[in-house]
Every structure is written in structure tokens, then in C-alpha cells.
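Notes follow once the structure below has been shown.
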Amino acid sequence: MAEHDVIDLLVAQHGRIRDLFDEVERAPADKVGAAFDRLTRLMSVHETAEEEIVHPYARRKLDNGQGVVADRLTEENKTKRMLVALHRAGVDDPRFWDRLAELRAAVSAHARSEERYEFARLRAHTSVVERRAMAAAVRAAESLAPSRPHPGTESLTRNLLMGPPAAIMDRARDLIRKALGKR
């Protein structure tokens, strides 16, 4: 079953992220913010789980794992910064759609690189049992991950130190905005 293999789980999430980009782009004006929030949440929890579970494992398991992961973390930091800038400007900003297209291109390139240089190699160098254990760990990490991007936390240690407080603040902010009828 795909959800039990970490590689299949993460690749499926890459597909869901692509679908959410489509959803944002096709949404009526009054629904763009909500769709963008769903995209942001999935991207944030996905990247946090990769940073906490998958990348540390890849560093240890793969030849030149340090280099492979360093490249992915650079890409992740860039996309987080782009996402933060989009949120700060808001969906009504005249540059939103151009910036969203830039973000989509960066996220797509990042996903292709992960799948090619990290995930394919992890699949070749790990057992089914290891990938199942990582999938369970990824799901657990996602349940505790922040719902917004936090550039500069692209490591296991930083995510573990800063992630839980950030997740609490993000979720509280989300609840307050929902209660106030804001996106």
C-alpha cells in the first residue's frame, strides 16, 4: 500500500501540492485565500517532515548524502521565503499571481530534484521495513508541524526546537482568523 512507503507517501504529496496550485489558480476571487492557505499548510507540514525524518536518514544512508541534502535544504529555504513573502503581501497584491507562478516553478523543480536525487536513491538503499518506519515517522512529524513556513529551520535540530512552539502559534493564529472570518 502506497501510504506505508515513505517514498510513495512523499511523491503522492508532491502530486497533491501540484493539485493545490491548480486549485488556487482556478479558484474564484473570494476563494483564493482559502485555497492558498491549504497549499501553504500542506507545503509547510510536508517540508517539516522531510527535514525531521527523511533528510537526516538520507545524509547517513546515501553516498554524498550530505551534499544531496544540502542542495534540497537550499531549495526548501528559497521556497519558504517565497511563500512567506506571498503571505505577507496577500492574495490581493497585484504581484500575487506572478509570484505564485515563480513559487510553483521553484516548488516543481525542487520536487523533481528530490524525487530524482534523494528519493530514488533512498528507495534503492533502504528496505521495505525502513521505508514503512519512515512513513509512520513522517505522519507523526506532520501532525506536530507548523502550518506556516518558517525559513531558517531546515534542520532536524531547529525543527525540533522551534517547530512545536511555531506549530502552536500557527494553529492559534489560524483559529483566531477563522473565528474572525478572515482567511
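We did not get these values from a lab; they are worked out from the coordinates using the rules stated. Since we're looking at a predicted model, the values are computed, not measured.
Please state, to two decimals, what the Cα-based radius of gyration of the range 95-134 comes to when divided by 2.2 N^0.38 Å (N = residues). Each step should come with its number before you reach the end.
Working: Rg = 15.1 Å, N = 40, 2.2 N^0.38 = 8.9 Å.
The value comes to 1.69.
How fast does the range 4-131 diffuse by Stokes-Einstein, in µm²/s, taking the Kirkwood radius from C-alpha pairs at 4 °C and 1.567 mPa s?
Details: Rh = 15.4 Å.
Rounded to a whole number, D works out at 84 µm²/s.
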### Query
If eta is 0.692 mPa s and T is 37 °C, what Stokes-Einstein diffusion coefficient results for the range 65-107, Kirkwood Rh from Cα pairs, in µm²/s?
296 µm²/s
### Message
With θ taken as phi - 60° and the coefficients 6.51, -1.76 and 1.60, list the Karplus ³J(HN,Hα) couplings across the range 103-117 in order, rounded to whole Hz; mark glycine and proline as x.
### Response
4, 4, 4, 5, 5, 5, 5, 4, 4, 4, 5, 4, 5, 7, 8
### Task
Please list the equivalent ellipsoid semi-axes of the range 28-98, computed as the square roots of five times the alpha-carbon gyration tensor eigenvalues, in descending order and whole angstrom.
31, 13, 7
